[in-house]
Each structure stands twice: as C-alpha cells, then as structure tokens.
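Written below as structure tokens is the structure these notes are about.
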Amino acid sequence: MTKNKSFPENFLWGSATSAYQIEGGHLSDGKGPSIWDVFCMIPGKVHQGDTGNTACDHYHRFREDVALMKQLGIKAYRFSISWPRVLPAGRGAVNQAGIDFYNALIDELLLAGIEPWVTLYHWDLPAALEFELHGWLGEGIADAFTEYADLCFQHFGDRVKNWITINEAWVVAILGYGHGVFAPGIQSPDLPYLAGHNLLKAHAKAVQVYRQNYQPQQGGKIGITNNCDWREPLTDSPADQAAAERALEFFLAWFADPIYKGDYPAVMRERLGDRLPSFTPAEKELIQGSSDFFGLNHYTTMYAADASENNAAGSVYGNGGLSADQDVNLSVSPDWALTAMQWAIVPWGCRKLLQWITARYDNPPIYITENGCAFDDQLRDGKVADLERIAFFEGYLGAIQEAIASGVKVEGYFIWSLLDNFEWASGYSKKFGITYVEEGTLRRVPKASAEWYAGVIAENGW
Ligand code: GAL
C-alpha cells in the first residue's frame, strides 16, 4: 500500500477529535453545560455512567497533543469548537476564556506547522438551547447556530482556513431524535426528519454568512461532513439492488442531495410524504451549492436486502435509519472481521462508496474527515502493538488509493482518532485512538499504529 509517493501531491494527512470527547474542563472558566453534559448525568444513558467531565483533559493539555502530532508528522488536525464554551447560553454573552482557549490552540497548531480544520458542531449543543428552542427541532435554531458560527469566523477566521459546519447530521437526527441513544435522547419515528431539515438550514445559513462576510478577505473554504456506510446488495436481484440504493439515499443522499441537487431524494419524498418537511424555493437556493468540498466519515459496510414483503427489523427503528420507512433489511457476512464496535471491516466498501459519491455528485473534491476502528487494545510492557488497527488502516488506505486511481478526487484523510477518548454512549469502553491516555497521569503514549501512521506520512508527505 505505502509505495513511495503513491498518494497525490498535496494529499492532506490528518487526525481528528471532537470537543466533548477530549476536552474535559466541562464547566471550567465560564463554560456552559451542553446536552451531552446533561445526558451523561441521566442514569443508564452512558456505559458505566462515564462522562466527558475530564475526558483526556485536552483543555489543559492541548500543547502536549499538538507536540504529539508534530512528532508524528501529522499535517492537519480536525477538532471541534464547544459551542457552550464560547457562548455559555448558546446565544448572547460571549465567554472570553473560551475564545482565548481556541486562540491558543490554533496558534500552537500553526506554530507546529499543522493546519487547523475546525468543526463548528460536533453534537455538544448548549443545554440552554435545548430548553429554550427544543434544540434541533426548534424554528430558531438555525439563527442561533448562525450567530455562533459568525462569532467563530470573526475570532478565528484570520487563521482557520478550513471550516466544517455540522458533523454527521444523520447521527444527530437518527440517534438523537429517532433511537434516542444519543443526546437529547428523544425517540420518535418522525422527528429525525425535522431535526435533519433544521440542521441543513442551519448549515446553509452559516455558509451564507461566511461567504458574504468572511470568505472574500479570509479566503478559506467551508463545507459539511456527512457519514455513510456502504450498502452492498445481498443478492444481484433487482429488488436487492434497489434496496441497497434506497438505503444509501436514506443515509447519505438525505443530506447530500439538497446540497448538490437542491432537494431531498425522490424516494424519500415518495415514501415519507409530509413526514419529510419541504424547503421553500428560497431555502433550496440557499442550500444548493453550499459546500466547497464533500466531507465524509466512513466506518463500515452492510448487506442490504429488500424487505417490502417482510421487514425483519420488526420496528420502526433499524440499523441504518428508520428501517420501516426504507423496507431494507441489513446484515453482515460471517466472513467479515469485526471491530470492537461490531462494525465489519470491509475496505472495498469504502472504494465503492467513494465511487458512488463521485458518480452521483459529479466528482466533488472529497475529504475523508473520519475513518478508524476500535479494538480492545492490550497493554504489554507499556506498549500497545495494535496490529489489527494497522491492518485496518492498510486496508482502507489501499481502498482509497484504488478509488483515486479510478478517478475519485480524495484530497485528504483524517484518522479517527488521535487519542482514545469518550466514545459517546459507549463511554471509555471503546478505544479508537492511535494514542492511549495513561490512566491517572493522563500522559499520552503513542500506540504502534501512531508510529506506523508517521511512517506513511513520511513516505507520502511530498
Ligand atoms: C463518528 C463520530 C465520532 C466518533 C466516531 C466513532 O460517528 O463523529 O465522534 O465517535 O464516530 O464512533
């Protein structure tokens, strides 16, 4: 896989994290609570009652983390800003200490020659906005998000040239408002579509502000990151092929079609009717073309089979969306190895997904803003050999090379994650990091995969 310079010139090699998962300092220096701070306090919501209160203590140790990335030769760092750290009540009064923290982090990165990639929303909504506006279900949420985004462009845009508005609208909508397993914990067959609608509107409004008021002088780019698994037809029957296509449209095209084509996929409208909100003509115009690049988080693949006659999921909630809406049954092959998340390792699914995006959206520049795996790493003599993780990355990077060779424009790759961190409802039980965080001291120790990644970057770094 790692033949000399086998990735395109200027390919961006990065690592990714998010605020709630690593920062800690959950109420430090004037930060307000987020919906994840609250969700973690509800018994039974998070594995063993874990919280992000301290997490990796990145809020106090960010200089160590930047030094670590520099040592590994990592060229770009994708992190998120905690909205309630800079706007404790979500709107209005600004917390200067929060602004100072991100200024210091950005300066430290630039000093180390690392390009900051900033996500504005990685799920830690200010709790005040959940109470006051019903979070992503509320009419006013797009304006609140735009006020927050504006503040970030204003304070950080002189140095931050890569912005991601929303991380994984699908997860926010389906897991937060459909299955209710992520904050704010709401279960409903209909509300995910409303939440998704407001997320798209918020994204587009923030992009408009950036393009009108900042991009001309600051010269950066802005986009959204969506997540998608690959869906492979279980058999080559036309019904299963249509089911796999439908599953991808309910997953990725739900959010990408409005941005690249101006409206939701026809199959969603046919099946959901009025349960799927509609955009006004002015909103369609605002949303279409609102991403300078295609941000993609990709982790796994499943088989898809037509279930119009027999929906084995047996409930409105299924893996991959609200399954009764799609009539798709999902499964994995017993031959596929699984990660600790029980996600199948299928590198060719990544290649096929990249090719699907390229065909459907007319060859956009793609950044893989997350890819990675959790394993039950064993510590031996203070070291983690994590051979499975290295094999995972070799497989997926190989598939990305194949996609590039076939004409797909992948321009960068961010490993999830730099550090073992708070893995949402799984707490600290799932380890995605290429670095582990020593218990007690919170010292960072690179795993073998970190050294391996440093080698890949050195070979392909141009
Ligand atoms: C993504 C998410 C990350 C991380 C990862 C691994 O969906 O953006 O925050 O948790 O999955 O599960």
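The numbers here are math on the coordinates, done by the rules we state, and not lab data. Everything quoted here is computed from the prediction, not taken from an experiment. In this analysis, Cβ positions are derived from the backbone assuming ideal geometry, glycine residues included, and neighbour counts consider all displayed protein chains.
Spread over its residues, the convex hull of the C-alpha atoms of segment 12-460 is 138 Å³ per residue. Using only side-chain charges placed at the Cβ, +1 for Lys and Arg and -1 for Asp and Glu, the dipole size of segment 7-99 relative to its Cα centre rounds to 180 debye.
Take the convex hull of the alpha carbons in segment 314-409; its mean projected area over all directions comes to 8.5 nm². Taken one residue at a time, the phi angles of segment 212-218 give Karplus couplings (6.51, -1.76, 1.60, θ = phi - 60°) of 6, 9, 10, 4, x, 8, 7 Hz. Gly and Pro are set to x. Along the charge dipole of segment 135-178, Cβ charges K/R +1 and D/E -1, which of 163, 149, 138 sits furthest on the positive end? Most positive-ward Cα: 163.
Each part reduced to its alpha carbon centroid, segment 238-299 and segment 419-435 end up 30 Å apart. For each pair in 31/205; 31/221; 75/352; 221/447; 75/261; 261/409, compute the distance between the two Cα atoms and list the pairs where it is over 31 Å. Table pairs above 31 Å Cα-Cα are 221/447; 75/261.
When the Cα centres of segment 86-145 and segment 344-389 are compared, how far apart do they sit, in Å? Spelled out, the Cα-based centre of one part sits 28 Å from the other.
Calculate the dipole size of segment 12-460 relative to its Cα centre from +1 charges on Lys and Arg beta carbons and -1 charges on Asp and Glu beta carbons; express the result in debye to the nearest 20. Taking the Cα centre of segment 12-460 as origin, the dipole is about 680 debye. Residues whose amide H comes within less than 5 Å of that of residue 295, counting only those at least five positions distant or on another chain, are 224, 226, 367 (H built at 1.01 Å from N in the peptide plane). In this structure the amide hydrogen of residue 115, modeled in the peptide plane, comes within under 5 Å of the amide hydrogens of 76, 77, none closer than 5 places in sequence on its chain.
Across segment 98-108, rounded Karplus estimates of 3J(HN,Hα) from the backbone phi angles (6.51 cos²θ - 1.76 cosθ + 1.60, θ = phi - 60°) give x, 4, 4, 4, 5, 4, 5, 5, 4, 4, 4 Hz, Gly and Pro being marked x.
A Cα-only calculation for segment 91-154 places Rg and Dmax at 13.9, 42 Å. Fewest neighbouring Cβ atoms within 10 Å first, the residues 291, 188, 331 line up as 331, 188, 291. Legend: calculated FRET efficiency, residue 443 to residue 213, from the Cβ-Cβ distance at R0 = 45 Å, rounded to 0.05, equals 0.60. Quotient of the Cα radius of gyration of segment 153-286 and 2.2 N^0.38 Å, N being its number of residues: 1.19.
Relative contact order, percent, of segment 12-460 when contacts are C-alpha pairs under 8 Å separated by at least 6 residues? The normalised contact order for segment 12-460 reaches 16 percent.
Taking other C-beta atoms within 10 Å as the exposure proxy, 299, 260 rank 260, 299 from fewest upward.
Per-residue ellipticity at 222 nm computed for the chain from its helices equals -12000 deg cm²/dmol, with DSSP H segments shorter than 4 residues left out and the rest contributing -39,500 (n - 2.57).
Ordering 460, 347, 385 by Cα displacement along the dipole of the chain toward the positive end leaves 460 in first place; charges were set at the Cβ atoms of Lys, Arg (+1) and Asp, Glu (-1).
Summarising the amide proton neighbourhood of residue 328: residues at separation of 5 or more, or on other chains, whose placed amide H is nearer than 5 Å comprise 307.
Computed over segment 1-104, relative contact order equals 36 percent, with contacts defined as Cα pairs under 8 Å that lie 6+ residues apart. For segment 128-175, the orientation-averaged shadow of the C-alpha convex hull comes to 4.0 nm² (one quarter of the hull surface).
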